[in-house]
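To start, the structure under review is shown below, and the notes come after it.
The values are calculated or read from the model by the stated rules, or taken from the named source; none is laboratory data. Note that this is a predicted model, so its numbers are computed, not measured. Cβ coordinates were reconstructed from backbone atoms using ideal geometry, including for glycine residues, and neighbour counts include every protein chain displayed. For accessibility, only protein heavy atoms count, side chains too; no ligands or nucleic acids. Shrake-Rupley method; radii C 1.70, N 1.55, O 1.52, S 1.80 Å.
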Amino acid sequence: QVQLVESGGGLVQPGGSLRLSCAASGSIFSINVMGWYRQAPGKQRELVATVNSGGTTNYADSVKGRFTISRDNAKNTVYLQMNSLKPEDTAVYYCNYREFYVVSHVDYWGQGTQVTVSS
């Protein structure tokens, strides 16, 4: 019942910045985590960053100090500010929304947005 729409991807030079946005719509559960994952060519999808409804964040070691995740609960939107981008950040970035229940959880995924870092 939840749909995610991503925006903000594109082509940037090394050292540049991008800001990704993901808006969730539908039946939003109060206990949830929103985050970003990415998948590079020939690689498995990996976690980039997450933020829960209370504002607690978690980052992959590879992006700590460069990326910042935030959310606007009123808008049900999560953002990823990416600074000091490197070529190895090139990937398709996917927005994730996870609802937690007593003994289970449910994941929803955005359509993916391409981020390319190249000179």
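Hey, got the dipole for the stretch 1-95? About the Cα centre, +1 on K and R Cβ, -1 on D and E Cβ, debye to the nearest 20? Provide the component values of the computation, followed by the final result.
Numbers: 9 positive and 6 negative charges, 10 e Å.
Approximately 60 debye in magnitude.
Share of the chain's accessible area from carbon and sulfur, percent, 1.4 Å? Present the calculation step by step, with values, prior to reporting the outcome.
Details: 3080 of 6310 Å².
Its accessible area is 49 percent carbon and sulfur atoms.
Build a GNM of the chain with springs between Cα atoms under 10 Å: which of V63, V103, V92 gets the top mean-square fluctuation?
Looking only at V63, V103, V92, the biggest GNM fluctuation is shown by V103.
If you scale each eigenvalue of the Cα gyration tensor by 5 and take the root, what three semi-axes come out for the stretch 62-111, rounded to whole angstrom and sorted largest first? Mind showing how you got there, number by number?
Values: eigenvalues 125, 39, 23 Å².
They are 25, 14, 11 Å, listed largest first.
Measuring with a 1.4 Å probe in the full set of protein chains, what accessible area per residue, in whole Å², belongs to the chain? Walk me through the numbers before you get to the answer.
Details: 6310 Å² over 119 residues.
With all protein chains present, the chain gives 53 Å² per residue.
Any number yet on Rg/Rh for the stretch 1-101, C-alpha, Kirkwood?
Details: Rg = 13.3 Å, Rh = 13.9 Å.
Rg/Rh for the stretch 1-101 comes to 0.96.
Which of these, A40, A24, A91, has the largest mean-square fluctuation under a Gaussian network model of the chain (Cα springs below 10 Å)?
A40
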